[in-house]
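Accompanying notes for the structure given below.
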Amino acid sequence: MAGAPESDLAFSDIFSQKNSRLPDDTVFYAIFPDLTLNSNPTPTPEPSLSSSLQSLHLQILQTLSPFTTDYLWQHESFTLSLSSLPKPSCLCSSHLPHLHGKLRFGDNLDDEWFTLFLLFKISTTFPSLSIRVWDTDGEFLLIEAAFHLPRWLNPENSLNRVFIRQGRIHIVPKDRLSSPNLSDSLRFIINHSEESRASESIQSAVKKRILDYPERAQRNMHQVRVRVPVSVAQVLKHEPCLISLAVEGFYDRDIDSMKYAAKMEKFLPKGREEELVCVAVKMSRAMYAQLVQQAFQAPKNYPMPNRSDKVAYGEAELGLKITCGLEMMYQLRKREGLEGKGRTWEAYKESLERSGYFQGLLPGSKEYQRLMHNAEEYYRNSSLFLRTSEMLSAPVKRIDEILAIPHSPDEFSGQEAPPSDDDSWLYNGEDELNSALLERQKEMDLYNSKHKKKQNGQDDTGPSSSSNVDEVGLGDIAKTMQDFVHKVSSYKGAEVPENRNLKEVDLDVDRFIKDMESVMKRQGFEDVGSNVDIEDGSSSDFDLDESEDESDIAEPSEDNEEEKDTFMHSYSDAMNEELKPTSIAKSFVRANEQATKKDEGTSNATEDMDADFTPVDVDVNLVKSFLDSFSSQQGLPGPASNLLGLMGVQLPHDDKKKGK
């Protein structure tokens, strides 16, 4: 085909981890059986190996079935599939046969942690498996255990190091494998499991998040009574899981999809003549929140009850959103199924753009349109188009099958729907959020306490006692800040004073300061002009080329000292002129000597004005700013407590004052 994309741009490559951006809000997982490491990589897996993987696949799904049968996922359900060799389209491995899957959790983080629970369950049930799991942020298991990780571990060197095996987290040590590939890491954790097993603190930090599962998965479900058209009730009766697609269609609606909701051709063909029936619908708490928290105007042809009946109207309003979401989802999937596009087409088009297929042409131009037409035709003739079309059309076909079954309002009107679950949790989230923040703050305080004791050469005996906190002096804040500021940092940025043995930047500080003062002095004279009296002995044409030799730098002359004083006076005068019209000077606490002079009083207005620019007490202002910021946090985590914690200073909360 003339102008068609190169056939070498295989569809299996468009999702490669190197060339494609990972989808947002998606968790990925890969399961590697030990038996695959003993097989030789071949274009086609051995029959025995392929059969073993298929058997393992079925056993895993059967093991997870009791936990996933009644669970409603936000966007996608937990799935597993066999890798396709020789060119797998997954992000896991390029040569090892394995099982893999991905799950988009969207706004419902519980889906991600429930997935992690299922993976731990797999690892305990099948001990000869090694599992890798990651998301858009990378190794999110390490993020969860950030305060307990070894110092050498960072996002740059964590690839192919973190696995789940036999219900525990394993981290391949750097001193054993500096840059491990996947095969080497898997063999290491199999043969040296004791060395790779992560510390108990890391294990506890991660397992703490999945400790409540699977009970928490059931608590995450919410049942509510709604009034919907008979067609919607029929669909949700046979396929309750379609509620997730209905909520997604409503929550992600746009102007184009709203046109389908205005017509309601599929689920409300009779318009206002359609009868609403009361049914109980089960969904996740995240789905319920997405529906309830959005205001939505009913289409003109939708049969809403009278507002005077608040209960019936509330049930119908929620049912309205579900019905419109189903309608928009159905029509969009039907159109996308015929086009066969969706995310796979977008990924394919991005791969063409990266390869230079469009030759830098402007979108919309004649030649660009020709190339795009050829690309679409090539895409339509591919196997990926067929798979995508079938996937997008699956809900549409299932809905058509369900609505083809005879149904009437009588099937639902005679049934008494159970009452809605209590939704007070939707409005009490602030306490849970504050509790989570305080828990994180405790972890940070404990980490800082241990870190400080290690610096001082003390034994790690746990968090600091309250008596030690109460003994913190205000002078410690100023002292530690001064130590922090004067600490020589590396090119990576400022860090809390610590023995790191980093190579420092080779910089002649004295020479650098002298050069900067010389440049600023020249600029300062030009700016202040006639307002500054220049002595005859000083020169405003200081030449940087006439640089000082080493003896001049080591022993500055009297002329240089005079030049420094002149520069500082000029700079101070210019700054004072700028600050006179403002009130910024009033925000500082003055030094004691100047405060005493001001108390004595002066009769000259000019002297009063000059007094406003008397030197400030830097330490007092620093401590005052810290205390004000710490007080404004009201006991919650914030910048002041975090910075003080990094410097090893903990301020006590004002519990005594609250008790009075």
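The values are calculated or read from the model by the stated rules, or taken from the named source; none is laboratory data. Predicted, not measured: the structure shown is a model, and the values here were computed from it. All Cβ positions, even for glycine, are placed from backbone atoms using ideal geometry, and neighbour counts span all protein chains on display. Side chains included, ligands, DNA and RNA excluded: accessible areas come from the protein's heavy atoms. Shrake-Rupley method; radii C 1.70, N 1.55, O 1.52, S 1.80 Å.
Taken along the Cα-to-beta-carbon direction at a fixed 7 Å, the label points for Gln294 and Ala262 span 1.8 nm. Here the mean projected area of the convex hull built on the C-alpha positions of region 151-198 is 3.1 nm².
In this structure, Glu416 and Ser50 have a Cβ-Cβ separation that, at R0 = 45 Å, corresponds to a calculated FRET efficiency of about 0.30.
Lys and Arg at +1, Asp and Glu at -1: add these up for the other residues within a Cβ distance under 9 Å of Ser393 and post the number. Provide the component values of the computation, followed by the final result.
Values: positive: Arg333, Lys334, Lys397; negative: Glu336, Glu390.
In short, +1.
First select every other residue whose beta carbon is under 9 angstrom from the beta carbon of Glu76; then total the charges, Lys and Arg +1, Asp and Glu -1. It works out to a net charge of +1.
Solvent-accessible area assigned to carbon and sulfur over region 166-234 amounts to 43 percent, based on a 1.4 Å probe. Packing-based ranking of 113-119, 171-177 yields 113-119, 171-177, ordered from highest to lowest mean Cβ neighbour count within 10 Å.
Given Lys270/Lys334; Lys237/Lys321; Lys479/Lys580; Lys263/Lys397; Lys102/Lys334; Lys580/Lys624, which pairs have Cα atoms separated by over 27 Å? Each step should come with its number before you reach the end.
Values: Lys270/Lys334 21 Å; Lys237/Lys321 17 Å; Lys479/Lys580 31 Å; Lys263/Lys397 20 Å; Lys102/Lys334 24 Å; Lys580/Lys624 23 Å.
Long pairs (Cα-Cα over 27 Å): Lys479/Lys580.
In this structure region 212-319 gives 49 Å² per residue of accessible area when probed at 1.4 Å with all protein chains present. Charge tally around Lys174: other residues with Cβ under 11 Å, Lys/Arg +1 each, Asp/Glu -1 each, net +2.
Of the peptides 293-299, 324-330, how do they stack up when ordered by the mean number of other Cβ atoms within 10 Å, highest first?
Values: 293-299: 11.4, 324-330: 26.4.
Averaged packing, sorted descending, gives the order 324-330, 293-299.
Taking label points 7 Å from Cα along the Cα-to-Cβ direction, Glu578 and Gln218 give a separation of 6.7 nm.
In this structure the amide hydrogen of Leu129, modeled in the peptide plane, comes within under 5 Å of the amide hydrogens of Gln166, none closer than 5 places in sequence on its chain. The string of couplings for region 418-423 from the Karplus curve (6.51, -1.76, 1.60, θ = phi - 60°) is x, x, 6, 5, 5, 10 Hz, one whole number per residue in order, with x for Gly and Pro. Calculated FRET efficiency, Ser631 to Asp254, Cβ-Cβ distance, R0 = 51 Å: about 0.65 to the nearest 0.05. Shape of region 204-259 from the C-alpha gyration tensor: oblate (a/c of 1.5 or more and a/b not above b/c, with a ≥ b ≥ c the square roots of its eigenvalues).
The distance between label points at His192 and Lys237 comes to 6.3 nm (points 7 Å beyond Cα on the Cα→Cβ vector). Each peptide in 435-441, 316-322 receives the mean, over its residues, of other Cβ atoms within 10 Å, and ordering these scores from highest gives 316-322, 435-441.
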